[in-house]
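In what follows, a single structure is set out as structure tokens and then discussed.
The values are calculated or read from the model by the stated rules, or taken from the named source; none is laboratory data. Keep in mind the model is a prediction, meaning the values are calculated, not measured. Here the Cβ is made from the backbone with ideal geometry for all residues, glycine too, and neighbour counts use every protein chain on show.
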Amino acid sequence: MQPIDVLLLSRDDVLALDLSPSQVVAAVTRALAEHAAGSYEMRPKIGVHPTGTDPANFIHAMPGYLHELDACGLKWVGGFAKNGQRDLPNVTGVQIINDTATGVPLAIMDCGYLTGLRTAAVSAIAARECARDGAELLAVVGCGFEGTKHVRFLTELVPSLRTVRLYDIRPEAVARLADEVATYFDGEIVRCQGVAECLHGADVISTCTDGSEQVVAPQLFKAGAFAVGIEGGCAFTAEALQSADKFVVDDVELAEYFDRIGQDRVTEDGEPDPEFPGGMPEVYATIGEIVTGRRTGRQGADERIVATPIGMAICDVALARLAYETALDLGIGTRVRMA
């Protein structure tokens, strides 16, 4: 019997690949295009929820298959918001890539860093398509790992940005990210003391929080602004979310599924904790539809547009395929005989 060797990529290995924003965006864009064309297979995330330190904890199984890219795989990923208290990343897990002809696993890799790249790329692609022309002010709430990647990708894909405002409940996170942003962004970087200072008058808003607080209020979401939240709609007040002229998601079925399960979710204090405060707004388009020109993103300078990408397995598969091929080219990783 022919031996089966699997390539193992640790987090350090994935970092050593040094994937550029342009490479990541190209891979994710391809997945979004296949989503719009319907040439994919994917189901809503299957999850278990070990409550442990937080009722919002989850571990999700995310399988996906892209027909045109000829790539398939599975991500097994956990999100534990209080891991920072244990000096652990919030997001951990593994990504598997399989051979589509035989089903044999080709690679098993750390997915935490790749998830951050994928999430930021999708948000930035949505901003590129939906932010108003000449958008100058980016406001980012949440300066952890996701916030760090979002600033990098958003400043790359929205080149008109001139000012970046940063806020986090941890001043040291703001200071650390501000220093990093200064290494690649030539504009003004403002370290904010509060949410209102950060968001007021922003053209592009990115929330990278744990979703426990509704930080985007109507008075902070100006006409013509674009906002994207990695927490679904949890970071928006009901009034702000419902004030959007257009509501955009990555996948309608995923968004509807998270809306349903969020209707029964409660906080540690027993308060309702819906995915979309005030109910899920009517979906205008998917990001893939906008990217491929099937729907128009922004049609008016004063439109308020909200995007809430839930996170699609097919984007993870496309990015993991890029990581696998790059690892082969660079000779990175460890071969392990599985059978």
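Miscellaneous remarks
- Any hit, the range 316-328, residues being part of a loop (DSSP other than H, G, I, E, B) and either at pLDDT 95 or above or crowded, with 24+ Cβ neighbours inside 10 Å (or both): no
- Considering each residue of the range 36-58 in turn, at least one proves to be under 19 Å from the mean Cα position of the chain (by Cα), assigned to a helix (DSSP H, G or I) and not assigned by TED's automatic domain parsing to the domain that holds Asp210.
- Residue within the range 91-100 that is part of a loop (DSSP other than H, G, I, E, B) and free of Cβ contacts under 8 Å to residues at least 24 places away in the same chain present: yes
- Of all residues in the range 230-251 being modelled with pLDDT of 95 or more and part of a strand (DSSP E or B), the one that is nearest to the chain's Cα centre (by Cα): Val249
- Residue list for the range 204-229, filter: under 20 Å from the mean Cα position of the chain (by Cα) and not in a loop (DSSP other than H, G, I, E, B): Val204, Ile205, Ser206, Thr207, Val216, Phe226, Ala227, Val228, Gly229
- Test: residue in the range 187-203 that is among the aliphatic types (A, V, I, L, M), over 13 Å from Leu137 (Cα atoms) and either in a helix (DSSP H, G or I) or touching a Leu at 6+ places or on another chain (Cβ under 8 Å) (or both): yes
- Enumeration of residues in the range 42-70 that are touching a helix residue (DSSP H, G or I) at 6+ places or on another chain (Cβ under 8 Å) and acidic (Asp, Glu): Asp54, Glu68
- Comparison of Pro309, Pro281 shows that the only residue that is part of a loop (DSSP other than H, G, I, E, B), within 29 Å of Val48 (Cβ to Cβ) and under 18 Å from the mean Cα position of the chain (by Cα) is Pro309.
- Any hit, the range 73-86, residues being among the basic types (Lys, Arg) and in a strand (DSSP E or B): yes
- A count restricted to the range 84-130 and to residues that are among the basic types (Lys, Arg), under 29 Å from Ala301 (Cα atoms) and surrounded by fewer than 24 Cβ atoms within 10 Å (Cβ to Cβ) stands at 1.
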